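For reference, the structure discussed in these notes is given below.
The values are calculated or read from the model by the stated rules, or taken from the named source; none is laboratory data. Here the structure is a predicted model, which is why all the values come from computation and not from measurement. Ideal geometry is used to build each Cβ from the backbone, glycine not excepted, and the neighbour counts take in all protein chains shown. We work out accessible area using only protein heavy atoms, side chains counted, and drop any ligands, DNA or RNA first. Shrake-Rupley method; radii C 1.70, N 1.55, O 1.52, S 1.80 Å.
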Amino acid sequence: MDFEKGTLEILPVALRMLEQGFATLPAVDARVPGQERISEVMQQVALRLRDNYPYFHPLYAGQMLRPPHPIARAAYALATWINPNNHALDGGRASSAMEKEAVAELAAMFGWQTHLGHLASGGTMANLEALWVAGQLHPGKKIAASAQAHYTHHRISSVLGLPFAEVPCDSRGRMDTGALQKLLAAGDIGCVVATLGTTGSGSVDPLPEILRLRAQHGFRVHADAAYGGYFKLAGNLTEEVRAAYDQIGQADSIVVDPHKHGLQPYGCGCVLFRDPSVGALYKHDSPYTYFTTAELHLGEISLECSRPGASAVALWATQKLLPLTRGGEFAAGMEACREAAVSMAERLSADSRWLVPFPPQLDIVVWAPRATSARVASEMSHRIFAAAAKRDLHLAMARLPVGFFPAFAANSSDPQETVLCLRSVLMKPEHREWLNQILERLDAAFGDAAA
Ligand SMILES: *Cc1c(COP(=O)(O)O)cnc(C)c1O
């Protein structure tokens, strides 16, 4: 296979255009001594980087990993010639403006014409800010998230000194709102995290139900859509999942990770607040960086100080090329991922060797080999995982509650038991066209593992 290299020809053209903007400055010698040594070291780097799974290839159907769009890579690289810092306008004037525009486009995707928000280093930091704001507004009250929510919420709550409550899930990995209702009776929950796309199985919490409970109990709703946020644009969700996305704009805060489905290099998460007045909570007096202008410095509304302007530039460029619109090219990519997952799950379900606990709600498929018990299935998953990798098919594994598999739960005495399952995050649109190849290799890997 070949890597994309076309943008390597576009980059110098753009770099010269950028350079012309500074043509009136006195000349500085821009040559770097030791080109030969740089080339030697870069070759060492290339050799070292070979020690990776091929995340960029359609036969990598494992974890949440994929390369950025070439335009994001090129725009990020171009920005590093300046290396702007989006903490203050003084450090990144153009890139701060681009961040505000790109973030406003993300907010608009969720239906918000006004918002407060910014980019963060990832979903963890973005969620930390959302829960920090929740804690400021409901001091001492609990953060509640489902048993399938990202483990980061429990850990962040502990960092923030906020108590945490885990809400059980139903057999499809969604928050059990009956159980939530019972927890709410104690009156000590300040914020409910609704996950729109769990990291394990892409399950979507029943947001409409959660919002109904908010109307009665007055907690904050934070939507963790770090993985699933961009499915807002997909036209091929089930009715139930679509209903959750249709109401996401009613959450108080939303996190979405452009470095997951938004085609960005790592280091790009985003937090959004529906009510811009929460900005007042960030108030501080920096003696250093501010305030050369009265305009908003993003560092005034962000817990992180220095942040890469290059991330904002890359995101801005990607959204220029592929606007976040329903029916557009970017949305078609999301739909292709989902189609790949739906047909993979259908084909596995129709095959007596496999158990699919539930159809994918987004583009993540989880399945297990049919076996006499959870333990035997788990051992078998492990062997199939290894056998598939030998055939260049890279899958992932997930430990899921035995309750997701009625066939195993029936003869398991321990409700805490888990099943080690196989898992594929089909987050590259190419997976759709590669599905036959993926299933052929899986079939062969099953044979290897059974032998
Ligand atoms: C990935 C993910 C996170 C954590 O985000 P990072 O970008 O890895 O820091 C949080 N929540 C969900 C649902 C995720 O998928």
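This table checks each residue for (1) assigned to a helix (DSSP H, G or I); (2) over 30 Å from GLY92 (Cβ atoms); (3) out of contact with any Phe, Trp or Tyr (no Cβ under 8 Å at 6 or more places or on another chain).
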site: ALA317; (1), (2), (3): yes, no, yes
site: LYS320; (1), (2), (3): yes, no, yes
site: PRO323; (1), (2), (3): no, no, no
site: VAL365; (1), (2), (3): no, yes, yes
site: VAL376; (1), (2), (3): yes, yes, yes
site: HIS382; (1), (2), (3): yes, yes, yes
site: ALA386; (1), (2), (3): yes, yes, yes
site: LEU400; (1), (2), (3): no, yes, yes
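Within segment 141-155, being open to solvent by 10 Å² or more (accessible area, probe 1.4 Å) and touching a residue at least 24 places away in the same chain (Cβ under 8 Å) holds for LYS141, LYS142, ALA147, GLN148, ALA149, HIS150. Taken as a whole, the structure leaves GLU129 outside the set of residues that are in the same structural domain as SER203 (by TED's automatic domain parsing), of a type in the set (D, E, K, R), under 20 Å from VAL278 (Cα atoms) and open to solvent by 50 Å² or more (accessible area, probe 1.4 Å).
Of the residues making up segment 21-35, at least one is modelled with pLDDT under 95, open to solvent by 40 Å² or more (accessible area, probe 1.4 Å) and of a type in the set (Asp, Glu).
Going by the conditions given, is ARG338 open to solvent by 50 Å² or more (accessible area, probe 1.4 Å) and modelled with pLDDT of 95 or more?
Values: open to solvent by 50 Å² or more (accessible area, probe 1.4 Å): no; modelled with pLDDT of 95 or more: yes.
It is false that ARG338 is open to solvent by 50 Å² or more (accessible area, probe 1.4 Å) and modelled with pLDDT of 95 or more.
Can you find even one residue in segment 394-410 that is free of Cβ contacts under 8 Å to residues at least 60 places away in the same chain, of a type in the set (Lys, Arg) and farther than 22 Å from TYR151 by Cα? Within segment 394-410, not a single residue is free of Cβ contacts under 8 Å to residues at least 60 places away in the same chain, of a type in the set (Lys, Arg) and farther than 22 Å from TYR151 by Cα. A single member of LEU296, LEU272, LEU315, LEU321 is surrounded by fewer than 17 Cβ atoms within 10 Å (Cβ to Cβ), of a type outside the set (Val, Ile, Thr) and under 20 Å from HIS87 (Cα atoms), and it is LEU296.
All conditions but one from (1) under 28 Å from PRO58 (Cα atoms); (2) open to solvent by less than 40 Å² (accessible area, probe 1.4 Å); (3) not hydrophobic (A, V, I, L, M, F, W, C) apply to ARG399; the one that does not is (2).
Identify, please: which residue in segment 200-239 is out of contact with any helix residue (DSSP H, G or I) (no Cβ under 9 Å at 6 or more places or on another chain), open to solvent by 10 Å² or more (accessible area, probe 1.4 Å) and touching a residue at least 24 places away in the same chain (Cβ under 8 Å) and is, among those, farthest from the ligand (Cβ to nearest atom)? Let's see the steps before the verdict.
The first filter runs over segment 200-239 and keeps only residues out of contact with any helix residue (DSSP H, G or I) (no Cβ under 9 Å at 6 or more places or on another chain), leaving 200, 203, 215, 218, 238-239.
Right, trim to open to solvent by 10 Å² or more (accessible area, probe 1.4 Å) and you get 200, 215, 218, 238-239.
With the extra rule that they be touching a residue at least 24 places away in the same chain (Cβ under 8 Å), the set shrinks to 200, 238.
Values: GLY200: 9, THR238: 19 Å.
This residue is THR238.
Note on segment 184-199: residues that are more than 9 Å from the ligand (Cβ to nearest atom) and either within 14 Å of the chain's Cα centre (by Cα) or open to solvent by 20 Å² or more (accessible area, probe 1.4 Å) (or both) amount to 4.
Which of the residues spanning segment 233-258 are within 24 Å of THR114 (Cβ to Cβ) and touching a strand residue (DSSP E or B) at 6+ places or on another chain (Cβ under 8 Å)? Those that are within 24 Å of THR114 (Cβ to Cβ) and touching a strand residue (DSSP E or B) at 6+ places or on another chain (Cβ under 8 Å): ALA244, TYR245, ILE248, GLN250, ALA251, ASP252, SER253, ILE254, VAL255, VAL256, ASP257, PRO258. Within segment 1-60, the residues that satisfy the criterion of being out of contact with any strand residue (DSSP E or B) (no Cβ under 7 Å at 6 or more places or on another chain), of a type in the set (A, V, I, L, M, F, W, C) and outside any helix (DSSP H, G or I) are MET1, PHE3, PHE22, ALA23, LEU25, ALA27, VAL28, ALA30, VAL32, PHE56. Selection within segment 406-437: residues that are within 25 Å of ALA226 (Cβ to Cβ) and part of a helix (DSSP H, G or I). The member of this set that is least open to solvent (accessible area, probe 1.4 Å) is HIS431.
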